[in-house]
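The values are calculated or read from the model by the stated rules, or taken from the named source; none is laboratory data. What you see is a predicted model, and the numbers here were worked out from it, not measured in a lab. So basically every Cβ, Gly included, is an ideal-geometry build from the backbone, and we count neighbours across all protein chains shown.
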Amino acid sequence: MFDIGFWELGLISVIALLVVGPERLPSLARTVGLWLGKARSMLTSIKDEIDREVKVDEIKKAAQEAVQNPVGQTIGETVDPMRTIKQETEKVMNDAKSQFEGGNKNEKKDAVKAASSNEAYDDV
């Protein structure tokens, strides 16, 4: 906040020594230190309170958004893609099943044809 360097502090201490005197300078330094400590603690408490207020405002905003965007809508948004995936999976499974069953029917027909042709050879 303040840019006070070494030379500025030295000048302030020399002026304080001349104005207050060497006997009261230590008590003055102690008093100034206590005031600075109280000021810092006050600033820290104000900063913490402002941070708490900001967090409360954020929580209120989140609660309002949760009320405006109900859980059911969020679940619906999640279920719709899952429903399409389920339908696509069922379609693929049905196609594979029909191909498998169709292959078995062809094999049965081939077996029946082969059996009937073997009977024709058995008759000869």
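The table below lists the values:
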item: Output for the stretch 60-72, where each listed residue is surrounded by 10 or more Cβ atoms within 10 Å (Cβ to Cβ) and either among the polar types (S, T, N, Q) or at pLDDT 85 or above (or both); result: K60, K61, Q64, N69
item: E77 surrounded by 10 or more Cβ atoms within 10 Å (Cβ to Cβ), of a type in the set (D, E), at pLDDT below 80 and in a helix (DSSP H, G or I); result: yes
